[in-house]
Amino acid sequence: QVQLVESGGGLVQAGGALRLSCVASGSRFRFSAMRWYRQAPGKQRELVAVITSGGSTNYADSVKGRFTISRDNAKNTVYLQMNSLRPEDTATYYCNSHDGSQVAWGQGTQITVSS
């Protein structure tokens, strides 16, 4: 079973930046599509960004131009660089992997953006 461990969350002022990391266990990372989701209190979990095994990326409209997803297959790690943060970005951010047969979730990391 793949295990995902996120890090990099915290408190930041509006306009600031943070970088989230998610390290995956196992040997199938390079074959996995990796996603970042977020969930704010009282709201549904939403997809923020995705990067395929081939490196193609896609973003939610709300974060386009501000967030960048990337991966380092040598380190089994996916990143989410978040710039120009807004209070509405406040949420718990979750890493997700899907290698075609297994789906895994991280435990989540909290991002709080103060105005």
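The values are calculated or read from the model by the stated rules, or taken from the named source; none is laboratory data. What you see is a predicted model, and the numbers here were worked out from it, not measured in a lab. As a convention, Cβ positions derive from the backbone with ideal geometry for all residues, glycine included, and neighbour counts pool all protein chains shown. These accessible areas exclude ligands, DNA and RNA; they are computed on the full protein's heavy atoms, side chains included. Shrake-Rupley method; radii C 1.70, N 1.55, O 1.52, S 1.80 Å.
With contacts defined as alpha carbon pairs under 8 Å and 6 or more residues apart, what's the relative contact order of segment 16-115 in percent?
On the way: 199 pairs, mean separation 31.8, N = 100.
It comes to 32 percent, rounded to a whole number.
Per 0.36 nm of contour for each residue apart, how much would the distance between R66 and R19 grow if the chain were fully extended, relative to their Cα-Cα spacing?
On the way: separation 47, 0.36 × 47 = 16.92 nm, distance 1.18 nm.
The R66-R19 span can extend by a further 15.7 nm.
Anisotropy class assigned to segment 20-85 is prolate, per the alpha carbon gyration tensor with a/c at or over the 1.5 cut-off and a/b larger than b/c. When the Cα positions of P41, V78, S62 are compared along the charge dipole of the chain, V78 comes out farthest toward the positive end, with charges on each C-beta of Lys, Arg, Asp and Glu. Working note: Karplus 6.51/-1.76/1.60 with θ = phi - 60° gives segment 56-61 the couplings 6, 10, 8, 9, 5, 4 Hz, where Gly and Pro are set to x. As a calculated quantity, the FRET efficiency between S27 and S115 at R0 = 30 Å, using C-beta atoms, amounts to about 0.10.
Only protein heavy atoms count here; on that basis, with a 1.4 Å probe, E6 has an accessible area of about 10 Å².
State to the nearest 20 debye the size of the charge dipole of the chain about its Cα centre, where the only charges are +1 on K and R beta carbons and -1 on D and E beta carbons.
Values: 12 positive and 7 negative charges, 24 e Å.
Using Cβ point charges on Lys, Arg, Asp and Glu, the chain gives about 120 debye.
Across A60, A24, A49, mean-square fluctuation computed from a Gaussian network of the chain (C-alpha pairs under 10 Å connected) peaks at A60. Comparing D61, D89, D72 in a Gaussian network model of the chain (Cα springs below 10 Å), the most mobile by mean-square fluctuation is D61. Note that segment 46-55 has calculated 3J(HN,Hα) couplings of 10, 6, 9, 7, 9, 9, 7, 4, x, x Hz, one per residue in order, obtained from phi through the Karplus relation 6.51 cos²θ - 1.76 cosθ + 1.60 (θ = phi - 60°); glycine and proline are x.
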